[in-house]
Amino acid sequence: MPQDANALNGLKERLGALILAHSYQPPEIQDLADEVGDSLELSRFAMEAGAPLVVFCGVRFMAETAKILSPQSVVRLVSPGADCSLAACMNGRDAREWKASYPGAALVTYVNSSVEVKAESWACCTSANAVNVVRAAPSDEVLFGPDRNLAAFAAQESGRKVIPWPGGCHAHAGADIRDLRRAKEQWPDACVLVHPETPPVFWREADRVLGTGGMIRFVSESRVRRFIIGTEEGMLHRLSTLFPDREFMAAGGISCADMRNSTPEMVLRALDSTDPGITVPEEHVERARRALERMTSL
Ligand code: CIZ
């Protein structure tokens, strides 16, 4: 729709807006975005650009993270109802009560969490640096939430005593191992990359367990031609765009409805709006920012 594309580019330029899209977004959204990446990379882009308006194509916690790290920007989420099932697994009260039952233990939370939970945390992490953040935690026991699979992976890789919160991403935790096995039968020569939010049975049948940024780095450094990818299916478009000479197959049936409902029309509406954008609860912002800054520095 060239007319809409013209309208979108014209508005974007006039407003000095930056359009950011997560790697799990639909192909047509990734293709129109200024930058595509994981939540950490996108927050960094927002911080560095200092644009007056950031239009975020992703889910709520990502837009909130961008707003906390770039308070001077108006940050609009294109699909205002897009939430993360994993972030909903733990609330501020859960985090406070959990910490109270393990006095002295540092709480590390995955960035897929609410602002209030971030504020209760010693540090946040992404799938890319969860192991390093857990290694750096200043306590014998480390509380890790809300994703139990990422907690188990960080424990396995760091050798630290990690106590997991029993939460999970509905899409990754519900991934079907039979689907991965079928993909391996179809492409026996392929390299298998899976996300640490998938259940441990996936890791045991994979060549590497990596976050989305790690998958991109791995493919760029590998000579292998075919890859089976165990994460949200939007990642296939990202990989195929970056590496047109390789072949990718999705495995596990991992699809997040909240990630997949953005459309170009919604991006246009978010640009052409007077909405003040994402707000974050004032009382939690400073402490959440400290936990996020630890995440970006580790
Ligand atoms: O950190 C992110 O953006 C998520 C949710 C996953 C990943 O591995 O990039």
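General observations
- On inspection, L193 passes the criterion of being within 16 Å of the ligand (Cβ to nearest atom), assigned to a strand (DSSP E or B), among the aliphatic types (A, V, I, L, M) and touching a residue at least 12 places away in the same chain (Cβ under 8 Å).
- Number of positions in region 147-167 that are of a type outside the set (V, I, T) and more than 16 Å from G211 (Cβ to Cβ): 9
- Single residue of region 136-164 satisfying the filter (touching a residue at least 60 places away in the same chain (Cβ under 8 Å) and more than 18 Å from the chain's Cα centre (by Cα)) that is farthest from A100 (Cα to Cα): A136
- Listing of strands (runs of 3 or more DSSP E) fully contained in region 61-137 that carry 2 or more residues being within 13 Å of the ligand (Cβ to nearest atom) and either surrounded by 22 or more Cβ atoms within 10 Å (Cβ to Cβ) or of a type in the set (D, E) (or both): 106-110, 123-125
- When V224 is tested against (1) under 20 Å from the mean Cα position of the chain (by Cα); (2) among the hydrophobic types (A, V, I, L, M, F, W, C); (3) outside any helix (DSSP H, G or I), only condition (1) is not met.
- Filter result (closer than 22 Å to R148 by Cβ and open to solvent by less than 20 Å² (accessible area, probe 1.4 Å)) within region 169-186: C169, A171, H172, A175, L180
- Identity of the residue in region 32-47, in contact with a Ser or Thr (Cβ under 8 Å, 6 or more places away or on another chain) and open to solvent by 60 Å² or more (accessible area, probe 1.4 Å), that ends up farthest from the ligand (Cβ to nearest atom): M47
- Here W203 meets each of (1) within 18 Å of the chain's Cα centre (by Cα); (2) within 16 Å of the ligand (Cβ to nearest atom) with one exception, condition (1).
The values are calculated or read from the model by the stated rules, or taken from the named source; none is laboratory data. None of the values given here were measured: they were computed from a predicted structure. Neighbour counts are summed over all protein chains in view; Cβ atoms, including those assigned to glycine, are modelled from backbone coordinates with ideal geometry. Side chains included, ligands, DNA and RNA excluded: accessible areas come from the protein's heavy atoms. Shrake-Rupley method; radii C 1.70, N 1.55, O 1.52, S 1.80 Å.
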